[in-house]
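What follows is a single structure, written as structure tokens, with notes after it.
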Amino acid sequence: MHSHSGPAISRRALLIGGTVLATTTSLARVARAAPAEPNVIELTAAPGRAPIVGAPYPPTDVWCYGNRIPGPEIRVRQGERVRVVVRNQLPEDTTVHWHGIRLPNSMDGVPGLTQPPIKPGESFTYEFTPPDAGTFWYHPHADSLRQLGRGMAGAFIVEEPTAVSADRDLVWMLSDWRLTSEAQIAAGFGNAMEAAMSGRVGNTVTLNGAITDEVPVRAGERVRLRLVNSSLARIMSLRFEGHRPAIVAIDGQPCDPHEPERGRVVLGPAMRIDLMIDMQGEPGRRYRVIDDFYEGLSYWLTQLVYEDKPPLRAHHLEPSPSLPRNPLPEPDLAAAERRELRLQGGMMGGGGMMGMGGMQGMSHGASWAINGTSMTGDGHADMPPLLTLQLGRSYVLIIRNQTAWWHPMHLHGHSFRVMTRNGTAAPHRQWADTVLVPPKESVEVAFVADNPGDWMMHCHVTDHQVSGMMTVLRVV
Ligand code: C2O
Ligand code: CU
């Protein structure tokens, strides 16, 4: 089905002979200030060490937020103001991007475009009010390959004002690492050959910052499981043995609850999916969660391990109800203007480059382009907008993937309706901020350009982004 250039993955990386117990890291909750005050959060970006593989392997030298992998979970309520003071103790510039949150442009965290980068030893205060409840995340938008690839990422959860009925709310931050046999982060970020193919797919996948063999569950409980793929490049396709999860939200935005196609929950880099899972397995048994996206490279991520206790409730629950919808503006499809984004470049199967047809912006190091122009890096000043959109107007973007590779395309500052895939209507009323476009396929998305500013649109396979698959949409 798919091919990629990364090394073969064995679940314990190349590292592990067999029996490593999970170090279960619980997510720290960020304390809340009084409701009238903004939530004030301090986030320090700095080098650190983290036991991501576990004994007998040494801790891994990482870069992280709050001295932990993943960074501290930020959890606020919809409509509550948030102030985050970010201190940079890295040896290089950074910024923080609040992925998927519809916030003012000056808080979006793109260096050069929306703010000056935060220099080493300096700090920057982000302040915004998340309008939407849902599962979001934060990550750097400077030297993204290294900073994200060394571990800088955290979950940002916005709770619904009224509780959603589930027995538990779990967050799984899923991250892919390329580790050496000493459990250290392998060198070689920004390899040009890889950048023109799948990007830096690693050899070790962690769940909340560690290789996790077991997740304890109780028979009969309903769990809301928030999945975040914070990988640089790895696409995941998760199958829950013995279970029938329902997808209730995509990229934080509620959809009509539905079972995943072929039982696979597909997550490209930066995507989030909220599941409701009824734990209908047998007490005392264990069920694997398997990722089989890359053909021949399937591995099990973790196991749901049932406590040896009678079910929490006697009867099956009714199917999950829809989550309350967020205040998203509905695009006016009759009046919408249509714009095309052609994704170009990359290697073909044979190793040659795909034609980019009249590509002007080809700077050295560029492997990819959008509509013939390559913007490289993580964001900088003077990025001319590819499209200028009129504030308040509805737009349909036709994203045509003319390449041989998958691209999770992310738009900042907005969520969009996913309308069609290859001309066929997309079901379940889905919204997204990152849409995975398979090779040679096309996707139409629609949105109201209601947020003024210069907004990034790029592939979230980080190697693709930094080597040309990035552009700017201006809303004025
Ligand atoms: Cu999570 Cu510009 O991206
Ligand atoms: Cu891409």
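The values are calculated or read from the model by the stated rules, or taken from the named source; none is laboratory data. All of these numbers come straight from a predicted model, not from anything done at the bench. Methodologically, a virtual Cβ is constructed for each residue, glycine included, from the backbone with ideal geometry; neighbour enumeration extends over all protein chains shown. These area figures cover heavy atoms from the full protein model, side chains too; ligands, DNA and RNA do not enter into them. Shrake-Rupley method; radii C 1.70, N 1.55, O 1.52, S 1.80 Å.
Considering only protein heavy atoms, what per residue accessible area in square angstrom results for the chain with a 1.4 angstrom probe?
Values: 17710 Å² over 476 residues.
For the chain, the per-residue accessible area is 37 Å².
Might you work out the accessible area of residue 374 for me, using a 1.4 Å probe with all protein chains in place, and round it to the nearest 10 Å²?
10
To check my understanding: the extent here is largest minus smallest coordinate of the Cα atoms along each principal axis. What are those three numbers for region 337-475, in Å, largest first?
Cα spread of region 337-475 along its principal axes, largest to smallest: 40, 36, 24 Å.
Under the 0.36 nm per residue contour assumption, what length would be gained going from the current alpha-carbon distance of residue 77 and residue 184 to full extension?
34.8 nm
Around residue 446, what is the net charge, scoring Lys/Arg as +1 and Asp/Glu as -1 over all other residues with Cβ under 14 Å from its Cβ?
-1
At what distance in nm do the modelled label points of residue 440 and residue 106 sit from each other, each positioned 7 Å from its Cα along Cα→Cβ?
4.9
Could you tell me the center-to-center distance, by alpha carbons, between region 40-79 and region 181-213 in angstrom?
17
Quantify, in whole percent, the carbon and sulfur part of the accessible surface of region 337-475 (1.4 Å probe; protein heavy atoms only).
Carbon plus sulfur share of accessible area: 51 percent.
Assigning unit charges at the beta carbon (Lys, Arg +1; Asp, Glu -1) and nothing else, what dipole magnitude in debye, to the nearest 20, does the chain show about its Cα centre?
Here the size comes out at about 400 debye.
Got a sec to turn the phi values of region 255-269 into Karplus ³J(HN,Hα) couplings, 6.51 cos²θ - 1.76 cosθ + 1.60 with θ = phi - 60°, whole Hz, x for Gly and Pro?
Coupling constants for region 255-269: 10, 5, x, 7, 7, x, 4, 6, x, 10, 9, 9, 10, x, x Hz.
Expected output is a single nm value to one decimal: the length gained when fully extending between residue 308 and residue 382, i.e. 0.36 nm times separation in residues minus the C-alpha distance. What is it?
Separation in residues times 0.36 nm, less the Cα-Cα distance, equals 20.6 nm.
For the pair residue 348 and residue 92, how long in nm is the line joining their label points, each one 7 Å along Cα→Cβ?
Here the answer is 3.4 nm between the modelled labels.
I want the local charge near residue 407. Using Cβ-Cβ distances under 13 Å, sum +1 for each Lys or Arg and -1 for each Asp or Glu among the other residues. Don't jump to the answer; show the numbers that get you there.
Values: positive: 342, 400, 440; negative: 441, 463.
Result for the neighbourhood of residue 407: +1.
Along the Cα-to-Cβ line of residue 429, 7 Å from the Cα, sits a label point; which residues in region 435-472 have backbone N less than 18 Å from it?
Answer for region 435-472: 446-448.
Report the GluC sites (Glu not before Pro) located in region 267-337 that are in a DSSP loop and have at most 10 other Cβ atoms inside 10 Å of their Cβ, or state none.
Numbers: sites: 295, 307, 337; in loops: 295, 307.
Filter output for region 267-337: 295.
Which semi-axis lengths, in whole Å and largest first, follow from the square roots of five times the eigenvalues of the Cα gyration tensor of region 26-159?
24, 18, 12
Taking the dipole about the Cα centre of the chain, with the C-beta of Lys and Arg at +1 and of Asp and Glu at -1, give me whichever of 69, 324, 181 is farthest to the positive side.
Value: 181.
Please pull out the direction-averaged projected area of the chain, using the convex hull of its alpha-carbon atoms, in nm² to one decimal place.
Numbers: hull surface 86.7 nm².
That works out to 21.7 nm², a quarter of the Cα hull's surface.
Note down the net charge around residue 161, summing +1 for each Lys or Arg and -1 for each Asp or Glu among other residues with Cβ under 11 Å from its Cβ.
Overall, the nearby charge balance is -2.
Place the peptides 132-138, 144-150 in order of packing, highest mean first, counting for every residue the other Cβ atoms within 10 Å and averaging per peptide.
In descending order of packing, they fall as 132-138, 144-150.
Using a Förster distance of 60 angstrom, determine the FRET efficiency expected from the C-beta separation of residue 262 and residue 37, and round it to 0.05.
It comes to 0.80.
Describe numerically, in nm with one decimal, the distance between label points set 7 Å from Cα along Cα→Cβ at residue 241 and at residue 339.
4.7
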